[in-house]
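The next block holds one structure in the form of structure tokens; read it before the comments.
Nothing in this text is a laboratory measurement; each read-out follows from the coordinates by a stated rule. What you are looking at is a predicted structure, and each value in this text was computed from that prediction instead of being measured. Methodologically, a virtual Cβ is constructed for each residue, glycine included, from the backbone with ideal geometry; neighbour enumeration extends over all protein chains shown.
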Amino acid sequence: YSTAVALEEPIKPTVNVDHTKLFINGQFVDSASGKTFPTLDPRTGEVIAHIAEGDAEDINRAVAAARKAFDEGPWPRMTAYERSKILLRLADLIEKHNDQIAMLETWDTGKPYAQAAKIEVPMVVRLLRYYAGWADKIHGMTIPADGPYHVQTLHEPIGVAGQIIPWNFPLLIFSWKIGPALACGNTIVLKTAEQTPLSALYVANLLQEAGLPEGVLNIISGFGATAGASLCSHMDVDKLAFTGSTETGKTILELSAKSNLKPVTLELGGKSPFIVCEDADIDTAVEQAHLALFFNQGQCCCAGSRTYVHEKIYDEFLEKAKARSLKRVVGDPFKSGTEQGPQIDSKQFDKIMKYIRSGVDSGATLETGGEQFGKKGYYIKPTVFSNVKDDMLIAQDEIFGPVQSILKFKDLDEVVRRANSSRYGLAAGVFSQNIDTANTLARALRVGTVWINCFDRFDATIPFGGYKMSGQGREKGEYGLRNYLQVKAVVTPLKNP
Ligand code: ADP
């Protein structure tokens, strides 16, 4: 691993934290209670800034603003072309502020700066432009019903959308949420994750310049059990979209059911199989399996966290996977060349270390890593387990950290059965040079995305979401629009058919 020297003296980011308040009705405001909470630097555990803490009363204020902007405001009524232009201007502004936003993102999350600046913020821009393009292409049908009737469907915005996002890709998932909702003409109250409020607040400051009317997008920082739960229970919220843990997803569905049955989109956890067949290009598969798991410190819902390798190539794959992990550059995420920064916080750090101990205790072989990196902050050495069995906790639970589990398989039927035996069904990787093998696996796997000879290819145009306990609904692409539209049937008798 890279030296721990950089960890002793964290690199100082050259960006100011200018926005710490709640963003309601086009204004930065204090929370009703006056309370704040600290957002921490995962490199050190030290405070970056104190952030206004939203609570039920602030959610009420934000929902009232979003309600008014929907019921009375220009947003759902303006031409779709106007909405499209505003989204395009927002994309331009984010692009212009790319580096400052990326710096805040790295500071708040601990992810490598190059990843934030060169991959994630540009993906946010791309996604907003993609959905800007949809705004004036959303339309219903005319339907040849029985009888002398003119039947049409209108595709209308649902109303006020409540959106709750996690800390692993704060601004990227923010864009997945707001892009389609705004393109369809909805208004929004969005709650960021308590660990990572900064990047969304920076963007809040760009909304007015982009021309977004006040009240259309309200951003609340705060905690799940207070602000988050109030948003989910609110009777004036018409729709919920959530990305986060499966456990919290269940709570959110319950809160909707107990209040007004608002429809819910959920993007939840995963335990994605990464299947390496005997005819795979081994070096590519090793590299992709490594990235599939370790990307973003292993904090990806779709992480390839069960690496199934055919027995004929298992030993070679394992040696190479281990060597690759030993070469992984861990260090200050602001340092160029860093591949892996710290985990998000002490809670996640402790949880990951507990899973590592459980792996050892249950008899898996710890090939490398398995301990903290450096002494400060929440860094963990890239960890590889071999001899992992399906019934071990590390092969069943979502670890959400830099822990690769390598399992052995003999034939395709067996690996399909084992891959599908998970309660999750978010994604899978399939590595084979044989198109028939790859297609057979792609069809048999019960998951929302199959990547063949690649992994983590995310794109604004490609739908993403889960089978089973990995979620409900799809985000991104044309499918992502469905979450934010009501379908109204309009039936008119025809006088002279
Ligand atoms: P984690 O445990 O990794 O923080 P969560 O799924 O709990 O993952 O968090 C994702 C998002 O859900 C965060 O914005 C968090 O504040 C929010 N959240 C957590 N609990 C609740 C809840 N009971 N109701 C609504 N939102 C919640």
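Give, as a single signed number, the net charge of other residues whose beta carbon lies under 12 Å from the beta carbon of LEU22, with Lys and Arg counted +1 and Asp and Glu -1. Let's see the in-between values first.
Working: positive: LYS21, LYS35, ARG61, LYS191; negative: ASP30, GLU53, ASP55, GLU57, ASP58.
For residues surrounding LEU22, the net value is -1.
Under 8 Å for C-alpha pairs, at least 6 residues apart: give me the relative contact order for segment 97-189, rounded to a whole percent. Provide the component values of the computation, followed by the final result.
Values: 96 pairs, mean separation 26.5, N = 93.
Once divided by the residue count of segment 97-189, the mean separation gives 29 percent.
Where in the chain are the DSSP H helices whose C-alpha atoms run 15 Å or more along the long axis and whose mean Kyte hydropathy is at least -0.5? Please list the in-between numbers first.
Working: long enough: 56-71 (22 Å, -0.29); 80-96 (24 Å, -0.09); 98-109 (16 Å, -0.65); 121-134 (20 Å, 0.67); 170-183 (20 Å, 1.26); 198-210 (19 Å, 0.94); 246-258 (18 Å, -0.32); 282-294 (18 Å, 0.78); 314-327 (20 Å, -1.06); 346-361 (22 Å, -0.76).
Those that pass (Cα extent of 15 Å or more, hydropathy at least -0.5) are 56-71, 80-96, 121-134, 170-183, 198-210, 246-258, 282-294.
Over segment 193-236, the Kirkwood radius and the radius of gyration, each from Cα atoms, give a ratio Rg/Rh of 1.04. Ranked by the mean number of other Cβ atoms within 10 Å per residue, highest first, peptides 11-22, 159-170 order as 159-170, 11-22. For the chain, the antiparallel share of DSSP beta bridges with both residues in that region comes to about 45%.
GLY162 sits among other residues whose Cβ lies under 12 Å from its own Cβ, and their net charge, with Lys and Arg +1 and Asp and Glu -1, is +3. Take the chain and mark each of the GluC sites (Glu not before Pro) that is in a DSSP loop with at most 13 other Cβ atoms within 10 Å; the longest unmarked stretch, sites excluded, is 73-310.
Quick one: of the DSSP bridges fully inside segment 1-103, what percent are antiparallel, nearest 5?
On the way: 9 of 9 bridges.
Antiparallel bridges make up about 100 percent of those DSSP assigns within segment 1-103.
Mind checking the dipole of the chain: about its Cα centre, +1 per Lys or Arg Cβ, -1 per Asp or Glu Cβ, Debye to the nearest 20?
640 debye
Arranged from fewest to most other beta-carbon atoms within 10 Å of their beta carbon, ARG43, ARG126 become ARG126, ARG43. In the chain, the calculated helix contribution to ellipticity at 222 nm averages -10500 deg cm²/dmol per residue, counting -39,500 (n - 2.57) for every DSSP H run with n ≥ 4. Between ILE119 and GLU82, the simple spin-label model (points 7 angstrom out along Cα→Cβ) gives 4.0 nm.
Sum up the charges of everything whose Cβ sits under 13 Å from the Cβ of THR307, counting Lys and Arg as +1 and Asp and Glu as -1, but leave THR307 out. Don't skip to the answer; put the middle values down first.
Working: positive: LYS271, ARG306, LYS320, LYS322, ARG324, LYS408, ARG418; negative: GLU287, GLU367, ASP390.
Around THR307, the charge tally is +4.
Remark: the Cα gyration tensor places the chain in the oblate category, a/c being 1.5 or greater and a/b not exceeding b/c. For segment 103-123 versus segment 154-229, the inter-centroid distance based on Cα atoms is 19 Å. Each of GLU478 and SER362 was given a label point 7 Å from its Cα along the Cα-to-Cβ line. The distance between the two points is 4.2 nm.
Residues of segment 246-289 falling in the label zone of ASP71, defined by backbone nitrogen less than 20 Å from a point 7 Å along Cα to beta-carbon, are 259-263. Across segment 402-424, the residues whose backbone nitrogen lies under 20 Å from the label position 7 Å along the beta-carbon direction of ASP279 are 409-417. Based on Cα contacts under 8 Å between residues 6+ apart, segment 263-319 shows a relative contact order of 49 percent. With each label modelled as a point 7 angstrom along the Cα→C-beta vector, the LEU261-HIS150 pair spans 3.2 nm.
Pairs of lysines 8 or more apart, or on different chains, with alpha carbons under 19 Å: count those in segment 79-211, would you? Before the final figure, lay out each step's value.
On the way: LYS85/LYS96; LYS85/LYS137; LYS85/LYS177; LYS96/LYS118; LYS137/LYS177; LYS177/LYS191.
Final tally of qualifying lysine pairs is 6.
Segment 467-494 and segment 125-147 have Cα centres spaced 11 Å apart.
Is segment 50-146 rounded, prolate or oblate when judged by the Cα gyration tensor, a ≥ b ≥ c being the square roots of its eigenvalues, rounded requiring a/c under 1.5 and prolate requiring a/b larger than b/c? Please report the intermediate quantities before stating the final value.
Numbers: a/c = 2.52, a/b = 1.40, b/c = 1.81.
Oblate is the answer for segment 50-146, as a/c is 1.5 or above yet b/c matches or exceeds a/b.
What does the C-alpha gyration tensor say about the overall shape of segment 187-260? Classify as rounded when a/c is under 1.5, otherwise prolate if a/b is larger than b/c, or oblate. Oblate, since a/c reaches 1.5 and b/c is not below a/b. Entry note, the chain: relative contact order of 19 percent, from Cα contacts under 8 Å with a spacing of 6+ residues. Potential lengthening of the chain between VAL47 and GLN486 amounts to 153.7 nm, from the contour at 0.36 nm per residue minus the alpha-carbon distance. From a point 7 Å beyond the Cα of PHE28 in the direction of its Cβ, which residues of segment 197-228 have a backbone N at a distance under 18 Å? Only 197-212, 214-215, 217-222 pass the distance filter.
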